[in-house]
Amino acid sequence: MALVVIMILLTAVSGKAQDRESSYIGLNLSLFNSTIMDSFTRHINGILNERSTFEDDYKGQSGGIYFGYKLIDTKSAFIHLQAHVNLYHKEFSTETPNSTLTRKLSYSFGIDLQPGFYVGSGFLCYFNFSAEAGKFKFSKTGTSTTYDMEPPVLGYGLGAGIGYQVSSSVCLKLQYQYNQYRTTEIASTLVGIDTTIDYAELSPRYDIFMLALQYNFR
């Protein structure tokens, strides 16, 4: 990341500054594929009884809004800083012999750094580096141990995109984004004749394909 930003910064500094709008707003629609790595262990009376790892996969749609500022913008290169909020529509639910598992990302927000190049004829290409935070829902219901949590989870994102400047005010963008969130650890206990403690470690990641319409303020 540092090398890319330094190269674009040097190109931008050496270029002639353009009279471009300094801020912008955009709307996006996305298709995403989510994979949540689920590592499960069960202890009965303090003794390891079961261990398993599986992946929860599901697809869905999301939409969002972003607002950005052009830190550096010349005739050949740029570095933009933006903030975004995305809403996600879809949840994953699966049945096990004794329980139902539900996983969902309700919304995410973060900060993006976008260094890129103008490649001529109105086209541009860029990289996207993000600091992310997502509001998840993790739940487990049934006759065994249960839990219901909605934790905020931090993460990061890496992406790249292309754009086309339709006019001085309107830009269309197509972007791929990979988001990885930190592992969430959940412990749930069932006390009866035996004491059962289940541990779940959930590691979400998202592949996102995004179409955006951006308006540059004058």
State which residue pairs qualify: first residue in contact (Cβ under 8 Å) with a residue 24 or more places away in the chain and over 29 Å from GLY163 (Cβ atoms) and inside region 128-152, second residue surrounded by 20 or more Cβ atoms within 10 Å (Cβ to Cβ) and among the aliphatic types (A, V, I, L, M) in any location, beta carbons under 7 Å apart, and separation of 6 or more residues or different chains. PHE136/LEU105; PHE138/LEU202; LYS140/LEU101
Anything in region 33-67 that is more than 25 Å from ILE186 (Cα to Cα) and either in contact with an Asp or Glu (Cβ under 6 Å, 6 or more places away or on another chain) or among the aromatic types (Phe, Trp, Tyr) (or both)? List them, or say none. TYR66, PHE67
Which pairs have Cβ atoms under 7 Å, sit 6 or more apart or on different chains, and link a residue in region 76-105 that is under 30 Å from THR146 (Cβ atoms) and surrounded by 13 or more Cβ atoms within 10 Å (Cβ to Cβ) to one that is among the acidic types (Asp, Glu) and at pLDDT below 95? PHE92/ASP56; THR94/ASP56; THR102/GLU91; ARG103/ASP56; ARG103/GLU91; LYS104/GLU91
Leading residue by the ranking (nearest to GLU95 (Cα to Cα)) among those in region 47-66 that are of a type in the set (Gly, Ala, Ser) and at pLDDT 80 or above: GLY60
Take the conditions surrounded by fewer than 18 Cβ atoms within 10 Å (Cβ to Cβ) and over 20 Å from SER30 (Cβ atoms) and apply them to ARG205. Does it pass? no
Look through region 164-195, keep the residues that are over 25 Å from the mean Cα position of the chain (by Cα) and among the hydroxyl-bearing types (Ser, Thr, Tyr), and return whichever of them is nearest to LYS90 (Cα to Cα). SER188
Can you name the residue in region 138-182 that is at pLDDT below 90 and part of a loop (DSSP other than H, G, I, E, B) and is also surrounded by the fewest Cβ atoms within 10 Å (Cβ to Cβ) among such residues? THR143
Tell me yes or no: at least one residue of region 46-56 is touching a Phe, Trp or Tyr at 6+ places or on another chain (Cβ under 9 Å), surrounded by 13 or more Cβ atoms within 10 Å (Cβ to Cβ) and either among the small types (Gly, Ala, Ser) or touching a residue at least 60 places away in the same chain (Cβ under 8 Å) (or both). no
Would you say ALA133 is at pLDDT 95 or above and closer than 30 Å to ASP198 by Cβ? yes
Given (1) within 11 Å of the chain's Cα centre (by Cα); (2) buried (at least 18 other Cβ atoms within 10 Å of the Cβ), index of the condition ASP198 fails: (1)
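The values are calculated or read from the model by the stated rules, or taken from the named source; none is laboratory data. Remember, it's a predicted structure, so these values are computed and weren't measured experimentally. Note: ideal-geometry Cβ built from the backbone for every residue, glycine included; neighbour counts use all protein chains shown.
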